[in-house]
1. Listed here are the pairs Lys51/Lys122; Lys72/Lys199; Lys150/Lys195; which of them are more than 24 Å apart at the Cα?
2. I'd like the FRET efficiency for Leu171 and Leu210, computed as 1/(1 + (r/R0)^6) with the beta carbon distance as r and R0 of 22 Å, rounded to 0.05.
3. Just want to confirm a number: the relative contact order over the stretch 2-222, from Cα pairs under 8 angstrom separated by 6+ residues, in percent.
4. Once you put a point 7 Å from the Cα of Gln4 and another 7 Å from the Cα of Gln68, both along the Cβ direction, what distance in nm separates them?
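None of the figures in this text is laboratory data; all of them are computed from the coordinates on show. Not measured: the values here are computed from a predicted model. Please note: Cβ atoms are built from the backbone with ideal geometry, for glycine as well, and neighbour counts cover all protein chains shown.
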Amino acid sequence: MNNQIIKLDFVNVFLIRVQDGFILIDTGMHQAWEKLEEELRSNGCTPNKLKLVILTHGDFDHTGNCAQLQEKYRVKIAMHQADAFMAENGTRIKLNVKTLFGGGILFLLKRLHGNTTFLAFKPDILLAGGESLEQYGFNAKIIHIPGHTKGSIGILSADGDLFVGDTLINLKKPAIGKYIESKEDLKNSLCKLNKLDIKNIYPGHGNPFLKKSFFRNKRTGFIKE
């Protein structure tokens, strides 16, 4: 398996090369459509080779290009059922902000989103967690990790690569994402991840990092900021 990180402004999307094609994890913001399509094309991901798009959660900076991908690439979009309403009508959930910095970023995002036409779409596949991706040539499974949003998921490969969306970030150092819908859900999700056989973590924002750089061990749990 070959993981290609595509940086679309401040958002990471991931192009996974699988048997006879590709899987795309997240899609970036609507304004980044031309760059996304250019990256797909340069990596040999033509419409007939894109097997599936998986969304780690429903935020607009991760779902912004789904409508175009459905129309032009005729690809199916998979996301957790709890976030589907966000895709279908562009609704933003109310998030708890952990820091002043996070509040500033959220303010800017709201202003940017307010000046952007959200292209609503209907997801083709509604996930619940636990699904295998082997039918798409990807030896990986879906893990439901609510906290950032109710429908946040991780995609964990058999090689130990975890694509974690905004549950964790790595802007300056590995940390919990800046925006949280439910602290209790997040705590439970992190405990779940800590028990899994994970090597590398690929966040939606920032650089990949090793699991051990954030989590201590199964007994003591995760490192608090």
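1. On the way: Lys51/Lys122 17 Å; Lys72/Lys199 35 Å; Lys150/Lys195 21 Å.
Violating the 24 Å limit, Cα to Cα: Lys72/Lys199.
2. Details: r = 16 Å, r/R0 = 0.74.
The calculated FRET efficiency here is 0.85.
3. Details: 463 pairs, mean separation 37.1, N = 221.
It rounds to 17 percent for the stretch 2-222.
4. According to this spin-label approximation, the distance is 1.6 nm.
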